[in-house]
Amino acid sequence: MSFVLPEPLVFAGRMDAAEEASWLATLRLAMPAETIAPFRALDDDARQRAEIAIVANPDPADIAAMRGLAFVHSLWAGVERLVGELGPAAPPIVRLVDPSMSRVMAEAVLAWTHYLQRDMPAYARQQRERRWAPLPYRKPETMIVGLLGLGALGAAAASRLLDAGFRVAGWSRSPKTLPQVETFTGEDGLSALLAKSDVIVCLLPLTAETRGLLGARRLAEMKPGAALINFGRGPIVVATDLIEALDDGRLSHAVLDVFDEEPLDPASPFWAHPGVTVLPHITAPTDYATAAAVVASNVSNFRLSGRIPQHVEAARGY
Ligand SMILES: NC(=O)c1ccc[n+]([C@@H]2O[C@H](COP(=O)([O-])OP(=O)(O)OC[C@H]3O[C@@H](n4cnc5c(N)ncnc54)[C@H](OP(=O)(O)O)[C@@H]3O)[C@@H](O)[C@H]2O)c1
């Protein structure tokens, strides 16, 4: 009896040696029956036979050099850079959908929503001014949190916010039904959501449609005094328009984890703006072990069924 060994899984990423070694060790632990080799360790024949590449910010030339790939599995949830760099001829791109990441993101959405609900930016300011001035308490059930994006992360955030007593509304591309969440779609739906929400949380992917979505016109549609949390991608919000909306008091505060350029330029006005909380893209980092488990499950299903996991739709861009 003879066994045909599956082709090695190829690991392709631009990172330092220590990070690559950590990834390889974690992936090998999650998939002991698989051989996992870095792209550079394979000869051209092996590269041509490769079926699956596991990638973290790969060199696009490396992916193009593997002409038989059934799919490319990203270790990140946001794949706009990969989609852009690999272009239309790319093999199917599977992004990371990790329930553990959704939980961490939901925790962050709740934490920063409470930060705004409990007026922490104002109390921090008052402390610096040595000013003792209690503000009225706002009950969560009097506040509407509007989620832009009701995907893996948005849906998890919705249920966490509901558990904490907030009212939740959400906007997505296709119509969605989520328990106790008022849902919207389309241009008018976005206007309605922006107008009623006390806090807007952006959990959209960056695509041709969402780039610059939150510019002057949309920010002006937000409820006066509302706050914005952007945990999606920086270029979804027009930075200069956001600063204007904060400067003239239409918006009360912005919590930003993502920016047009990262790390954020030391000269950016966001750093010192009293209405902005800057976070260094930390809300829901990829966890090596849980990400490797997700990849392992997708690889094993593919080995058994030949079915390519759910992947990016080229026309939608996510
Ligand atoms: N800051 C961080 O640490 C961090 C960590 C992980 C991810 N992220 C970001 O979060 C994003 C979302 O992740 P996810 O896993 O939740 O993605 P997802 O499951 O693909 O969900 C995306 C959601 O956005 C909606 N959407 C996309 N384009 C739209 C449009 N043009 N108009 C209206 N709705 C639109 C989708 O609508 P449908 O439901 O109709 O498809 C879906 O509800 C990622 O792409 C990444 O950029 C950030």
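The values are calculated or read from the model by the stated rules, or taken from the named source; none is laboratory data. Computed from a prediction, not measured in an experiment: that's the story for all the values here. We place every Cβ from the backbone using ideal geometry, glycine too, and count neighbours over all the protein chains shown.
Would you mention how many residues in segment 167-208 are charged (D, E, K, R) and within 22 Å of Ala254 (Cα to Cα)?
Quick first cut of segment 167-208, residues charged (D, E, K, R) only: 167, 173, 176, 182, 187-188, 196, 198.
Next, only the ones that are within 22 Å of Ala254 (Cα to Cα) stay: 167, 196, 198.
Residues that pass the stated criteria total 3.
When Phe166 is tested against the conditions (1) in contact with a strand residue (DSSP E or B) (Cβ under 9 Å, 6 or more places away or on another chain); (2) near the ligand (Cβ under 9 Å from one of its atoms); (3) farther than 21 Å from Val238 by Cα, the lone failure is (2).
Scanning segment 172-193 for residues that are more than 9 Å from the ligand (Cβ to nearest atom) and either in contact (Cβ under 8 Å) with a residue 40 or more places away in the chain or part of a loop (DSSP other than H, G, I, E, B) (or both) gives Thr177, Pro179, Gln180, Leu193. Among the residues of this structure, Asp257 counts as one that is of a type outside the set (Val, Ile, Thr), farther than 19 Å from Ser191 by Cα and touching a residue at least 24 places away in the same chain (Cβ under 8 Å).
Considering only residues in segment 126-149 that are within 16 Å of the ligand (Cβ to nearest atom) and in contact with a helix residue (DSSP H, G or I) (Cβ under 7 Å, 6 or more places away or on another chain), the one that is nearest to Val104 (Cα to Cα) turns out to be Leu147. Filtered by the rule that a residue be of a type in the set (Asp, Glu) and without any contact (Cβ under 8 Å) to a residue 24 or more places away in the chain, segment 44-72 gives Asp44, Asp45. Within segment 209-227, residues that are farther than 27 Å from His114 by Cβ sit with their Cβ atoms under 6 Å from residues that are among the charged types (D, E, K, R), at 6+ positions apart or across chains, in these pairs: Gly215/Asp241; Ala216/Asp241.
Summed over segment 255-273, residues that are surrounded by 12 or more Cβ atoms within 10 Å (Cβ to Cβ) and more than 17 Å from the chain's Cα centre (by Cα) total 6.
Scanning segment 63-75 for residues that are crowded, with 19+ Cβ neighbours inside 10 Å and part of a helix (DSSP H, G or I) turns up just one, Ile63. The helices (runs of 4 or more DSSP H) found entirely in segment 76-167 that carry 2 or more residues being surrounded by fewer than 16 Cβ atoms within 10 Å (Cβ to Cβ), of a type in the set (Lys, Arg) and at pLDDT 95 or above are 120-128.
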